[in-house]
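One structure is given here, and the rest of the page talks about it.
The values are calculated or read from the model by the stated rules, or taken from the named source; none is laboratory data. Everything quoted here is computed from the prediction, not taken from an experiment. Neighbour counts are summed over all protein chains in view; Cβ atoms, including those assigned to glycine, are modelled from backbone coordinates with ideal geometry.
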Amino acid sequence: MNAARLREMVTPAREALEVRLDAQAGTDVHIQALDMVINVNALFTAAVFIGIAYRSTGSSGANDGASGGCRAGPDKERSVLVMEVVAFACYLFSSLVAQGIKLNFLLLHSKKQEQQQQPASQARLLRLGMLASALGTVIGTLFLTLSLVSFVQLRLGLLNCTAWPWAATLPLVLMVSLGLLVFISSVLYSFLAD
């Protein structure tokens with residue numbers, strides 16, 4: 001058998017293998033991204049859960065640094081708990097969606113199919129699921145931030161009274177906003193570029 005004939009036989013098989021390896025690399029990247037979302041959400045979920053547990057033990061310590069008319073009322077304490085519960089629900093939702101997508105992705109790619117690409121409907125479902133998971137993370141982060149701002153007002157007084165609550169909340173809001181901007185930009189880029 002001559003070299004030209006051998007090359008003709010090997011080339012299609014090599015190209016098919018390269019396509020499969022490229023698809024597998026894409027799968028690995030998606031799986032790693034979903035793992036990161038799940039891990040970060042697990043940290044946030046644990047933090048919120050600890051915050052809820054700490055609030056429910058009766059150690060409110062409300063308005064420790066506030067005086068007179070600058071003290072936050074009981075509604076502020078209730079709003080902290082409500083926002084923490086909503087944040088907890090959002091992070092849990094986001095993690096469950098990401099875990100479901102990951103499981104679906106692994107099951108689809110574990111089958112020895114001759115297809116080299118996913119059907120368009122599965123790709124759309126994957127992208128929508130990743131977008132829903134990211135949306136849950138963003139909403140949970142917003143509620144957690146609002147909860148922390150209310151918590152600061154419980155401890156240090158209302159924002160309109162002294163500079164201490166502002167000294168705590170301004171860096172929090174700025175850093176979280178910047179982080180969310182980077183996260184949302186990355187999600188939108190991956191959603192539109194994929």
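Observations on the structure shown:
- Verdict on Arg78 being loosely packed, with under 14 Cβ neighbours inside 10 Å and either modelled with pLDDT under 55 or farther than 21 Å from Gly140 by Cβ (or both): no
- Test: residue in segment 26-49 that is touching a Leu at 6+ places or on another chain (Cβ under 8 Å) and modelled with pLDDT under 55: no
- For segment 159-194, a residue qualifies if it is loosely packed, with under 13 Cβ neighbours inside 10 Å and either at positive phi or not in a helix (DSSP H, G or I) (or both), and the qualifying residues are Asn160, Asp194.
- The residue that is modelled with the lowest pLDDT, among those in segment 81-116 that are surrounded by fewer than 11 Cβ atoms within 10 Å (Cβ to Cβ) and outside any loop (DSSP other than H, G, I, E, B), is Ser110.
- Qualifying positions in segment 147-172 - under 27 Å from the mean Cα position of the chain (by Cα) and touching a residue at least 12 places away in the same chain (Cβ under 8 Å): Ser147, Leu148, Val149, Ser150, Phe151, Val152, Gln153, Ala168, Thr169, Leu172
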